[in-house]
Amino acid sequence: MKKKLLALVLASTMVLGLTACGAAAEPAAPAAEPAATEEEAPAAEEKEEAPAAEEAGSGDLIKVGIINNDPNESGYRTANDKDLQATFCEENGYDASFAYSLKNEEQITAAQKFIQDGVDYLLLSAADTSGWDSVLKDAQDAGIQVILFDRTIDADPSLYAASIVSDMDKEGQTAVDWLASQNLDEYNVIHIQGVMGSAAQKGRSGALDAKVAAEDNWNIVKQQTAEWNAENAQQIVQSVIDAGTKFNVIYAENDDMAKGAVAALDAANISHGVGKDVIVMGFDCNK
């Protein structure tokens, strides 16, 4: 019963999280990289009629450890964390703890602690695709079900029970195909990358790198990580403008970085959009 209940709720949460990407949100603060921290999900007052708690059996709470990226990473991540906090609360039958970090090693340390704490489920949105086999094997040996959300990892699929993730390779290919359909004579691209090694960065970078390698009129004039951060992205674009380097495309791997890039263009009175001086590409559908 616990497995069915959690799978249903998680699926609903992911749908809400994707929907929230299109909703207006307060601008995220610049992403920091703090050590992975843990906090108990806000516990609502328990209600006798709460169906989730009743189905869990005799008022028992499902113990869940949730490992996510820093909520300040982007507008998408802020909305995603808000939905998770609202869903995995005591009122809905859960005893949830959260750990946040943009660093893979800190996420792995948090996972090890959740295993020691004896959680029933471990939910994971990994900062990096690699390095997870050992800790997931420990979770499996402890009888803990692992569910991936948002981002995939490079690990044996037998080590996790479910994977509810975005197709980052498809996202990248769709973006590059759209850019190609604009039929520019030349593509001189500022490529602003996310956190290196993450599934989102790999998928969104891969299609562009392949296109540049295959086409003579596609060129990378600057390729640098801004770690999902708008201010870092603005500085990268400003440095290219200051150097006098010619460019007509900015390929930013999330919308927050795209906004930072646009801020640099606006400050330099450079027009942007289809048919303008610079086409700006972003991901995540933030507002």
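Out of GLY206, VAL189, GLN224, whose Cα points farthest toward the positive end of the dipole of segment 164-248 (charges: +1 Lys, Arg; -1 Asp, Glu; placed on Cβ)?
Farthest along the dipole direction, towards plus: GLN224.
Relative to the present Cα-Cα distance, how much length would full extension add between ALA142 and GLN224 at 0.36 nm per residue of separation?
25.5 nm
Going by amide H atoms built from the backbone, whose H comes under 5 Å of the H on ASP277, apart from near neighbours?
Those lying under 5 Å, H to H, from ASP277 are SER271, HIS272.
Which loop GluC sites (Glu not before Pro) in segment 99-200, with loop taken from DSSP, have no more than 15 other Cβ atoms within 10 angstrom of their Cβ?
GLU186
Sort out for me the Cα centre separation of segment 241-287 from segment 118-145, rounded to whole Å.
First find each Cα centre; the distance between them is then 38 Å.
Given just the C-alpha atoms of segment 168-281, how large is their convex hull per residue in cubic angstrom?
Taking the convex hull of the Cα positions in segment 168-281, it is 86 Å³ per residue.
Assuming R0 = 45 Å, what is the FRET efficiency of ALA180 and GLU91, from their Cβ-Cβ distance, to the nearest 0.05?
0.35
Taking 0.36 nm per residue of sequence separation and subtracting the Cα-Cα distance, how much length would be gained by fully extending the chain between ASP169 and ASP60, in nm to one decimal?
Extra length available between ASP169 and ASP60 comes to 35.2 nm.
Using 18 Å as the Cα-Cα cut-off, could you pick out the over-long pairs in LYS222/LYS246; LYS82/LYS170; LYS63/LYS113; LYS137/LYS170; LYS103/LYS211?
From the list (LYS222/LYS246; LYS82/LYS170; LYS63/LYS113; LYS137/LYS170; LYS103/LYS211), the Cα-Cα distance tops 18 Å for LYS82/LYS170; LYS137/LYS170; LYS103/LYS211.
Coordinate-derived values only; no laboratory data. The shown structure was predicted, so the numbers you read here are calculated from the model rather than taken from an experiment. For neighbour counting, all protein chains shown are included, and Cβ atoms are generated from backbone atoms with ideal geometry for every residue, glycine included.
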